[in-house]
Structures are given as structure tokens and as C-alpha cells.
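Below: the structure, in C-alpha cells.
The values are calculated or read from the model by the stated rules, or taken from the named source; none is laboratory data. Since this is a predicted model, take the numbers as computed values, not measurements. Reconstructed Cβ throughout: ideal geometry from the backbone, glycine too, with neighbour counts over all protein chains shown.
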Amino acid sequence: MRARRMNQAAALAVAGVLLLAAPPAGATSLGEPMNLATLVAKAPVIVTGTVSGVTTGKTGNLPYVQIQILVEDGIRGAAAGSTLTFRQLNLPAPQPAEDGRVYVGALPGMPQFAVAERVLLFLGNGNAQGFATTVGLVQGKFSLSGGNLQNDMQNRGLFRNLGTAGRVLTTPEKAMLATAKGVVSADTFVTFLERGVAGNWWGAPAPAGGTGSGPGGSTGSGDTQAPRRPVVKE
């Protein structure tokens, strides 16, 4: 029994490593903080909305958490009023390992979601099993609360080298772009983002199954199956 538990834990660990090593298009591991231009260029889906459901399940032996978002503002790739559904890898229960350690909860770097939470997401393409995650993992998931907006990186690097030369900016936008770290006004950020996406300031999103280009370099997917968009229900 102990050997079986260890084998299950090892399989989950390997699955997690493989998924993170070759994530759905647009996703990437944690590292140097991405700026807003990179997030936009790598995200085929950008929305604000409220988390309406968080459930767990398995596809084969791979556990997942499924997230549903009631879209409030479909900035790219989804319509307001639709429901966006996607899955990410999860460890729903403690898993013992051979060295005596215990893996608990979601994998490090994966964004966490709670029902009724208001969020802004930069979401990558999904794979055939419905797995997708935010661009840059926690970097591409922002919480909206009390009129403020911030990701788990405390917005570090978000406005660095953004490339807004020649753009007409409002006074609140100029103040926001001078923020090196910390919360910013949600209304100012979303309005600025909408203008940037509509005006194609930072390039087109990564194509499904291909390599996305834009500020900050490119990212490719090692999946053997063509990535798909997260499920959107009108």
C-alpha cells in the first residue's frame, strides 16, 4: 500500500512537471516579471469577471480544478455575459512522497481562485483536455477588490519598458505607469488596457498551436495536441 501511494505521488509530481514544462500556449513558468505588453501579446483571452464556480475532478489519473468565470467585460476572446470555463492542474489531497515529504494543494505558481472573487485574467490557449492557465501563471491573474487591482507579484514590472511613446495618456494613467510595485486603480487599469488592446498597441495574441510573438520575446507549446480556446458559453 505504501509503495502504491508513493507511486501515485511520483506520477502526480511527474505530471505536474510535464504540464508546467510544456504548458498550454500562452502559459509560462515564473521568472522575470512580465510587463503588460507581454501579457497582452501572449493572451488570446482577456476578461474581467466573477468566479462563479470552483470544482475538482480527474481526467484519467490527472486531478484538476475547474474554474468558471462569469464574464463582465470581454476585452478579448469572450463576450460580456458569457461563462468562461477552464481547468488547471491540482493536488486535491495530501500526497506522500518517498522522502517523507507531503505535497499539499495546488502546484507552486498556479493561480488560486475562490467563488465570488472578482478577477481580471490574461488566459492562454487550452489543450484538448480543457487545461489552460493564465499567462505567466500568477502573473496573469489579477484580483479586483475595493477599487484596486493587483496580482500575486504585487504588480512588479508590470509597467516597465511598456512602450507608450506617442500615446495620449490621461493624468491617472501617467501616475499608474509610474508605479513600480503595489496596487493600482482598477478602473484606470482596465480603461488603459481596453484602449491598448483595441488599438493593437502591443501586438496580436499568440495563435492557437503556434508561437506567440510580441514584446518580451516568444513562447511555444510542446503539447502534442493542438491547443484550444477555453470553453466559452454564451
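GLY105 fulfils the conditions (1) modelled with pLDDT under 95; (2) in contact with a Pro (Cβ under 9 Å, 6 or more places away or on another chain); (3) buried (at least 18 other Cβ atoms within 10 Å of the Cβ) except for a single criterion, (3). Among the residues making up segment 138-177, those that are free of Cβ contacts under 8 Å to residues at least 60 places away in the same chain and more than 24 Å from ARG118 (Cβ to Cβ) are THR164, ALA165, GLY166, ARG167, VAL168, LEU169, THR171, LYS174. Return yes or no: is PHE131 in contact (Cβ under 8 Å) with a residue 40 or more places away in the chain and either farther than 19 Å from PHE113 by Cα or surrounded by fewer than 15 Cβ atoms within 10 Å (Cβ to Cβ) (or both)? No, not satisfied.
Which one of ASN148, ASN90 is more than 14 Å from the chain's Cα centre (by Cα), closer than 24 Å to ARG195 by Cα and either modelled with pLDDT under 95 or not small (Gly, Ala, Ser) (or both)? Answer to the selection: ASN148. Checking each residue of segment 180-190 against the condition of being on the phi < 0 side of the Ramachandran plot, exposed (fewer than 15 other Cβ atoms within 10 Å of the Cβ), modelled with pLDDT of 95 or more and not in a loop (DSSP other than H, G, I, E, B) gives at least one match.
For GLY182, the conditions (1) more than 13 Å from the chain's Cα centre (by Cα); (2) within 20 Å of ALA80 (Cβ to Cβ) all hold with the exception of (2).
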